[in-house]
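Notes for the one structure printed next.
Just so you know, all these numbers are worked out from the coordinates, no wet-lab data involved. Since the model is a prediction, treat every value here as computed from it, not as a measurement. Cβ placement follows ideal geometry from the backbone for every residue including glycine, while neighbour counts extend to all protein chains displayed.
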Amino acid sequence: MPSLDDFAPDAHLSPVVAAAYDKSHASNFDAAVIEATVSFLADLADDGPVIEFAVGTGRVALPLSQRVGPMYGIDFSEPMLDELRAKDEAGQVRITHGDMTTTLVCGDASLVYLVYNTIQNLRTQAQQVACFRNAAAHLAPGGAFVIETMVPELRKLAPGERIVPFDVSPTHLGFDEYVDVVNQILVSHHYHIDGERVRVSSPSFRYVWPSELDLMAELAGMRLEHRWADWDRSDFTGESSSQVAVWRKL
């Protein structure tokens with residue numbers, strides 16, 4: 001069985017990955033996707049600071065900063081933050097290079113959020129628990145913590161199989177490989193096709209279940225307020241492949 005030592009460092013630390021990030025995830029930059037995400041988050045933000053964990057290139061933070069009070073972004077990848085700085089010449093997002101499990105930028109936030117499966121970048125349960133605790137440390141009482149992430153698709157696997165394809169298109173081939181069901185590790189394989197050039201990446205993640213996230217929140221002094229299937233507030237059911245969950249600090 002693979003161990004965490006067998007997996008490559010987080011791909012987002014690579015300048016090559018950071019420079020290609022926006023183009024590689026073009027569907028997430030669609031205006032309708034951004035509007036649904038930003039509107040959802042803006043509805044939860046009061047007058048206090050708003051913080052994005054793993055802010056990346058600012059896909060969400062930059063448009064959200066136009067609608068909320070002080071906007072902070074934390075990320076441990078300098079190459080990703082360099083891409084954000086290049087787009088944010090006015091300094092609308094207050095950037096901090098740091099780890100979302102430990103870095104603290106304030107203690108009175110109205111909203112902390114973590115989008116697009118990024119909780120899974122933390123590849124141990126202990127790190128994910130620490131992330132929840134750090135979110136709670138940022139929040140004022142009653143503040144909200146929001147996570148968007150996939151629901152593990154293990155039920156799609158036949159006995160003995162471990163591969164689930166999720167995207168087959170002229171510019172991208174993607175499939176998840178569930179390599180360790182004990183430690184909940186998957187490797188997400190990507191082949192980005194640009195003419196005759198192909199960029200390959202296989203980052204590893206720790207997938208997490210909805211009930212497990214709720215327990216992490218309880219350990220951090222937060223309680224589930226609602227779980228939706230997506231940013232459009234569709235009902236979350238047993239058939240949902242993704243979730244947008246909101247917890248409140250007690």
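If we count other beta carbons within 10 Å of each Cβ, what is the order of CYS131, CYS106, fewest first? All intermediate terms of the calculation are to be shown ahead of the outcome.
Details: CYS131 26, CYS106 16.
Lowest count first: CYS106, CYS131.
May I ask you to compute the full-extension gain from ILE163 to VAL198, defined as 0.36 nm times their residue separation minus their alpha-carbon distance, rounded to one decimal in nm?
10.5 nm
With +1 on the Cβ of every Lys and Arg and -1 on the Cβ of every Asp and Glu, and nothing else charged, how large is the dipole of the chain about its Cα centre, in debye rounded to the nearest 20?
Dipole of the chain, to the nearest 20 debye: 260 debye.
Kindly put TRP247, TRP209 in sequence by how many other C-beta atoms sit within 10 Å of each C-beta, fewest to most.
Ascending Cβ contact count within 10 Å gives the list TRP209, TRP247.
Excluding same-chain residues fewer than 8 positions from LYS87, which aspartates and glutamates have a Cα within less than 12 Å of its Cα?
By straight Cα distance, LYS87 reaches ASP22.
Based only on other Cβ atoms within 10 Å, what is the fewest-to-most ordering of SER77, SER242?
Ranking SER77, SER242 by Cβ neighbours within 10 Å, fewest first, gives SER242, SER77.
With θ set to phi - 60°, apply the Karplus curve 6.51 cos²θ - 1.76 cosθ + 1.60 along the stretch 100-108 and write out the HN-Hα couplings as whole Hz, x wherever there is a Gly or Pro.
6, 8, 9, 6, 10, 10, 6, x, 10
Identify all aspartates and glutamates with a Cα-Cα distance to LYS23 below 15 Å; exclude those on the same chain that are fewer than 8 residues away in sequence.
Straight-line reach from LYS23, under 15 Å: GLU83, ASP194.
Obtain the radius of gyration and the Kirkwood radius of the stretch 25-73 from its C-alpha atoms and give Rg over Rh.
0.95
How high is the relative contact order of the chain, in percent, counting Cα pairs under 8 Å that sit 6 or more residues apart?
Values: 485 pairs, mean separation 43.8, N = 250.
This gives 18 percent for the chain.
Looking at the chain, what % of the alpha carbon pairs are farther apart than 33 Å?
So the pairs more than 33 Å apart make up 15 percent of the total in the chain.
State the Kirkwood hydrodynamic radius of the stretch 115-250 in Å, one decimal place, computed from all pairs of distinct Cα atoms.
16.2
Using amide H atoms built in the peptide plane, which far-off residues or other-chain residues are under 5 Å from GLY143 H to H?
For GLY143, whose amide H was placed from the backbone, the distant partners under 5 Å are LYS249.
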